[in-house]
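One structure below.
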Amino acid sequence: MSAFKTLFTDMVNAAGDATKLSKEHSKQMLKVFVKETAPFFLVSDSYFYVPAYFTKAAMDEFTKKFPNIKINDLAEKVILISNWSLELKRVDSNAVFTSYAGLEVRLIVHSFKPQLSESIHPIRWPTNLYRDDEFKTTIQAMRHSAVVASLAKVPTGDTRIVTGKSIDWNFKEGNTAVVALGGVRKVAPTATGAAKVKGGVAAKRASKASSKEVKKASSKPGSKTVEKVLKFTPKKTTSAGKKSIPGKKASSSPGGKKSAAGTTD
């Protein structure tokens with residue numbers, strides 16, 4: 001039986017209230033295998049893996065007691081989590097892959113130490129707990145209960161639709177502050193084309209670069225012809241998109257009909 005699956009399932013069934021968890025389980029130390037440390041710190045119980053979230057106190061204690069060991073050096077090592085807690089959080093499951101239906105159970109690490117002399121050989125390759133069918137069903141049941149409770153509050157005859165954002169999540173949501181580890185993935189800038197320059201030396205350099213590009217483009221074959229065409233091309237057009245020529249008689253259309261107004265060739 002997976003320890004993580006048991007603990008996390010109990011946490012969901014308890015609606016985020018950690019005081020309702022079995023003391024037999026919640027007081028035990030967790031000896032886990034570190035699957036990877038970047039971009040996420042994932043720990044495994046040999047069945048499933050989940051992310052570990054560290055408090056500042058936990059990281060300060062680790063740095064003080066083990067100054068020669070970096071947190072990223074713990075990949076594929078064993079750590080002993082002596083003080084931990086669980087919290088239920090609302091997240092964006094499109095951005096957090098260790099979550100399901102907008103919910104995540106977080107393993108908060110308050111104190112831990114590496115067990116470098118020990119090694120664990122998982123009996124199977126651990127998988128994401130949030131891809132387990134039974135655990136997903138547990139979360140779905142909680143979500144269904146929240147939707148039913150929200151619908152019960154809608155007045156009779158009201159045609160409003162209960163969406164994910166309007167669900168009244170009746171659970172205890174944790175808010176423990178955690179630190180961002182050095183290996184955490186950084187948010188990539190959005191692709192919006194060239195970088196914006198607001199002023200200073202960078203603006204002058206950008207202006208000179210732009211001028212060089214314009215000169216370079218104007219020196220290409222055909223560029224003068226294009227300039228002349230743009231200069232002498234009439235800008236005012238009729239609703240049909242063609243230039244009207246005042247004073248010119250109506251010409252015949254290909255079908256033999258007279259056009260309402262004179263047009264260019």
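With no solvent and one point on each alpha carbon, what is the Debye value of log10 I(q)/I(0) for the range 3-132 at q = 0.20 Å⁻¹?
The calculated log intensity ratios at q = 0.20 Å⁻¹ are -1.27.
With each pseudo-label sitting 7 Å past Cα toward Cβ, what's the Glu134-Glu76 distance in nm, one decimal?
3.1 nm
Every read-out reported here was derived from the displayed coordinates using simple, explicitly stated rules and does not represent laboratory data. The shown structure was predicted, so the numbers you read here are calculated from the model rather than taken from an experiment. All Cβ positions, glycine included, derive from the backbone under ideal geometry; neighbour counts span all protein chains shown.
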